[in-house]
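For reference, the structure discussed in these notes is given below.
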Amino acid sequence: MKTQFIAGHARLPAGMAAKSLYDTLTITAEIDKKYGVIVEASCTLATEHGRDYVARLLRGHSLRDGIDDLLAELDEGYLGKAHSALCAALKDLYKQYCKMEENEF
């Protein structure tokens, strides 16, 4: 395959709809091996609209460029209760990507 699958996890804050389903928020991403581009992404937010928003935000971004731009877009555009958990899960996903890249060389 020309892609790899990675995931990032973070604890959800109390009082969220998704908290009744999951204790953690997970962001998953299918990454192009050659360029580090996110081909597809999903997350465990409770609403389809929220999941779609996160998927659109991440899709097409190269993790080789880091995640500062993505975090800035989340800061500006996502104002829900899961904001901190999304940022933490994205940082964890990036950490997994970096570990994967280290093991490639």
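Residues in the stretch 32-70 that are among the aliphatic types (A, V, I, L, M) and more than 16 Å from Ala89 (Cα to Cα): how many?
2
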**Message:** If I go through the stretch 96-105 residue by residue, how many of them are surrounded by 13 or more Cβ atoms within 10 Å (Cβ to Cβ) and not hydrophobic (A, V, I, L, M, F, W, C)?
**Reply:** 3
**Prompt:** Just a yes or no: is a residue in the stretch 10-18 more than 16 Å from Leu86 (Cα to Cα) and either out of contact with any strand residue (DSSP E or B) (no Cβ under 6 Å at 6 or more places or on another chain) or at pLDDT 95 or above (or both)?
**Reply:** no
**Asked** Can Glu73 be described as acidic (Asp, Glu), at negative phi and at pLDDT below 95?
**Response** no
**Fill in**
The residue from Gly36, Gly66, Gly77, Gly60 that alone is more than 17 Å from His9 (Cβ to Cβ), in contact with an Asp or Glu (Cβ under 8 Å, 6 or more places away or on another chain) and not β-branched (Val, Ile, Thr) is Gly36
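The values are calculated or read from the model by the stated rules, or taken from the named source; none is laboratory data. These numbers were taken from a predicted model, which means no experiment stands behind them. Quick reminder, even Gly has a Cβ in these numbers, built from the backbone with ideal geometry, and neighbours come from all protein chains shown.
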